[in-house]
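A.B. asks: Sending over a structure as C-alpha cells; questions will come in a sec.
The values are calculated or read from the model by the stated rules, or taken from the named source; none is laboratory data. Keep in mind it's a predicted model, so treat the numbers as computed, not measured. Positions of Cβ are generated from backbone atoms using ideal geometry, with glycine treated the same way; all protein chains shown enter the neighbour counts. When the accessible area is computed, the model is the full protein with side chains, heavy atoms only, and any ligands, DNA or RNA have been set aside. Shrake-Rupley method; radii C 1.70, N 1.55, O 1.52, S 1.80 Å.
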Amino acid sequence: GKELREDNKDYQQVLLDVRRSLRRFPPGMPDDQREGLQEELIDIILHVLKRNPQLHYYQGYHDIVVTFLLVVGDRLATALVEKLSTHHLRDFMDPTMDNTKHILNYLMPIIDQVNPEVHDFMQSAEVGTIFALSWLITWFGHVLSDFRHVVRLYDFFLACHPLMPIYFAAVIVLHREQEVLDCECDMASVHHLLSQIPQDLPYETLISKAGDLFVQFPPSELAKEAAQQQADRTAASTFKDFELASVQQRPDTVLRQRFRERLRGEERTKSILTKPRTNRFVKLAVMGLTVALGAAALAVVKSALEWAPKFELQIFP
C-alpha cells in the first residue's frame with residue numbers, strides 16, 4: 001500500500017529494479033496484468049523489509065521474489081519470501097557483501113576437487129568468481145530465459161542446503177570444461193565466456209551432479225580452502241617477504257635507523273649554520289677587548305710621559 005512506500009529508503013531502488021524486470025514476466029502477458037504484478041512485487045519486497053529491519057535490499061532480490069509471485073500469488077509469496085530471506089538468502093542481505101564474497105570462495109575449491117586442470121587454468125587467467133555473482137544471488141533467475149528451468153532450480157535449492165547454488169555453479173563450469181580450456185588464458189576472455197551462461201544445459205543431469213558433489217565434498221571440508229581463497233585475495237597477503245623480514249627484526253628498524261641519521265644530519269646542519277655566528281661574536285669580543293686594552297695602554301703611556309721626568313729625578317737624583 002501507499003504507507004509502505006512513503007519515506008522508505010529502499011523504495012526508489014526497488015522501483016527502478018522492478019521496472020527493469022519486464023523479461024521476467026511471461027511473454028504475451030497483457031500490459032495491465034503485468035503492471036499489476038509489478039505493483040504487487042514492490043509491495044511484497046517493501047513489506048518484508050519493513051517487518052525485518054535487519055535485512056538490507058540488494059539488486060537481484062526482486063528476481064527471486066518475482067518467481068514466487070508468479071507461482072503462488074502475492075499473499076503466499078510474501079510469507080515464503082520472508083521465511084526465505086531470514087534463512088537461505090540471509091547472507092546476501094547483510095549491510096556489506098562480505099558473506100556473499102565468502103560463499104563465492106567455495107566455487108574454486110569445488111572445481112579443484114573435480115578437475116584440477118580447469119582450476120589451474122582459471123587461476124592462471126585470474127578470472128576470479130565474480131562471473132557467478134548474479135547466478136548466486138538470484139538463484140539463476142536473472143540469467144535463465146526459460147521459466148521452466150528457473151522454477152525447477154528453485155525447487156531444488158529450496159530442498160537443499162543454502163550453499164547448493166554455488167555447487168550448481170561449479171558443475172556448470174565443469175560441464176563447459178573444453179570451452180574453458182580452449183579459451184585464451186586471460187581474465188577478460190575467460191570472464192566473458194563464463195558469464196554467458198548457455199540456455200540449453202542438461203539441467204537434470206547437472207542437478208544430479210551438484211547433489212553428488214555436495215555429498216562428496218561437503219561445505220565443512222571446503223571451509224578452510226574457501227577461507228584461504230579470501231586471504232589470498234587480500235592486498236596484505238602479497239607482503240610475504242615483509243612478513244619474513246618482520247620475524248627476523250623489528251619492522252621499523254629501517255625507519256628508526258633513518259630517523260637517527262636524519263637527526264645527525266640536522267645536528268650537523270645546525271652546527272654549520274651557527275658556527276659563523278659564534279665566530280663573529282668571538283671576533284667582536286676580541287676586537288672590543290683589544291680596543292679597550294689599547295685605550296688603557298695609551299692612557300698609561302700618556303700618564304707615564306707626564307710623571308716620568310719627576311720619577312727619573314727621584315730615582316736618579
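A.B. asks: Given G73, G28, G60, which one is within 28 Å of the chain's Cα centre (by Cα) and at positive phi?
C.D. replies: Details: G73 fails: within 28 Å of the chain's Cα centre (by Cα); G28 fails: within 28 Å of the chain's Cα centre (by Cα).
The match here is G60.
A.B. asks: Now for a different question. Pairs under 8 Å by beta carbon, first residue touching a residue at least 60 places away in the same chain (Cβ under 8 Å) in the stretch 1-25, partner exposed (fewer than 15 other Cβ atoms within 10 Å of the Cβ) and assigned to a loop (DSSP other than H, G, I, E, B), six or more apart or different chains?
C.D. replies: Between residues of the stretch 1-25 that are touching a residue at least 60 places away in the same chain (Cβ under 8 Å) and residues that are exposed (fewer than 15 other Cβ atoms within 10 Å of the Cβ) and assigned to a loop (DSSP other than H, G, I, E, B), the close pairs are R23/S145.
A.B. asks: Also, quick follow-up: Counting just the residues of the stretch 215-229 that are assigned to a helix (DSSP H, G or I) and surrounded by 19 or more Cβ atoms within 10 Å (Cβ to Cβ), which one comes out modelled with the highest pLDDT?
C.D. replies: Taking the stretch 215-229 and keeping what is assigned to a helix (DSSP H, G or I), we get 215-216, 219-229.
Next, from what is left, pick out any that are surrounded by 19 or more Cβ atoms within 10 Å (Cβ to Cβ): 222, 226, 229.
On the way: L222: 91, A226: 80, Q229: 68.
Taking the candidates together, the pick is L222.
A.B. asks: Any residue at all in the stretch 127-138 that is modelled with pLDDT of 95 or more, assigned by the TED database to the domain that holds C185 and more than 21 Å from the chain's Cα centre (by Cα)?
C.D. replies: For the stretch 127-138, residues modelled with pLDDT of 95 or more, assigned by the TED database to the domain that holds C185 and more than 21 Å from the chain's Cα centre (by Cα): present.
A.B. asks: Hey, L55 hits all of (1) under 23 Å from R152 (Cβ atoms); (2) modelled with pLDDT of 95 or more but one; which does it fall short on?
C.D. replies: (1)
A.B. asks: Of the residues that sit in the stretch 190-214 and are assigned to a loop (DSSP other than H, G, I, E, B) and among the hydrophobic types (A, V, I, L, M, F, W, C), which one is farthest from the chain's Cα centre (by Cα)?
C.D. replies: Keep residues of the stretch 190-214 that are assigned to a loop (DSSP other than H, G, I, E, B), which gives 196-202.
Of the ones still in play, those that are also among the hydrophobic types (A, V, I, L, M, F, W, C) are 197, 201.
On the way: I197: 26, L201: 33 Å.
Restricting to residues being assigned to a loop (DSSP other than H, G, I, E, B) and among the hydrophobic types (A, V, I, L, M, F, W, C), the top hit is L201.
A.B. asks: For residues that are acidic (D, E) and part of a helix (DSSP H, G or I), scanning just the stretch 1-57, find the one that is farthest from T67 (Cα to Cα).
C.D. replies: Checking each candidate, the answer is E3.
A.B. asks: Hey, another quick one. Among the residues of the stretch 199-214, write down those that are out of contact with any His (no Cβ under 7 Å at 6 or more places or on another chain) and open to solvent by 30 Å² or more (accessible area, probe 1.4 Å).
C.D. replies: Matches in the stretch 199-214: Q199, D200, P202, E204, T205, S208, K209, D212.
A.B. asks: Here's something else I'd like to know. For the structure I just gave you, tell me whether H119 is farther than 25 Å from R152 by Cα, without any contact (Cβ under 8 Å) to a residue 12 or more places away in the chain and within 33 Å of the chain's Cα centre (by Cα). Show your work before the answer.
C.D. replies: Values: farther than 25 Å from R152 by Cα: yes; without any contact (Cβ under 8 Å) to a residue 12 or more places away in the chain: yes; within 33 Å of the chain's Cα centre (by Cα): yes.
Considered against the rule, which asks whether it is farther than 25 Å from R152 by Cα, without any contact (Cβ under 8 Å) to a residue 12 or more places away in the chain and within 33 Å of the chain's Cα centre (by Cα), H119 comes out as yes.
A.B. asks: Let me ask another. What single numbered condition from (1) under 29 Å from the mean Cα position of the chain (by Cα); (2) farther than 17 Å from T138 by Cα fails to hold for R34?
C.D. replies: For R34, the exception is condition (1).
A.B. asks: Another one. Got a number for residues in the stretch 162-189 being in a helix (DSSP H, G or I) and closer than 16 Å to L104 by Cα? Steps first, answer last, please.
C.D. replies: Let us first name the residues in the stretch 162-189 that are in a helix (DSSP H, G or I), namely 164-175, 177-182, 187-189.
This time we only want the ones that are closer than 16 Å to L104 by Cα, so: 164-174.
Total satisfying the criteria: 11.
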